[in-house]
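The values are calculated or read from the model by the stated rules, or taken from the named source; none is laboratory data. Owing to the predicted nature of the structure, the values given are computational and were not obtained by experimental measurement. So basically every Cβ, Gly included, is an ideal-geometry build from the backbone, and we count neighbours across all protein chains shown.
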Amino acid sequence: MDRQRMQIRILIALGLVLAAVLVGYNAFTSPPLSPAEPAAATAMFGAGYRLPVNTASAVELQQLPGVSETVAKAIITYRRQIVRFDSESDWMGISGVDRDLLAELLGYITFTDQ
């Protein structure tokens, strides 16, 4: 293979890697569960486990019942603005989160980092 073809293949491969990084693709994470499966979330996290929302990724947040990709991104964006969630009242400013969804999530989340 000549040098020019090799360089083109390397550039294409690097472009694909860059595109994957920009869109947030991670080959090591499983696709999210559908957003209305509380039993699946319990199975995913285990009984009694609560997801620390101040450190959770968008992929982890999508495992929670009622949390779509859009809502997970809104949670991350809002968390960056306020630095951290200290209580459930902090969630009232998130687009896509209402009192009903928050009430459902309280059994699956924690505001501590552990």
Find the helices (runs of 4 or more DSSP H) located wholly in region 1-96 whose residues include 3 or more that are at pLDDT 90 or above, and list them.
-> 58-61, 69-82
Sole residue being more than 12 Å from the chain's Cα centre (by Cα), closer than 14 Å to Asn54 by Cβ and loosely packed, with under 14 Cβ neighbours inside 10 Å, chosen from Ser95, Ser87 | Ser87
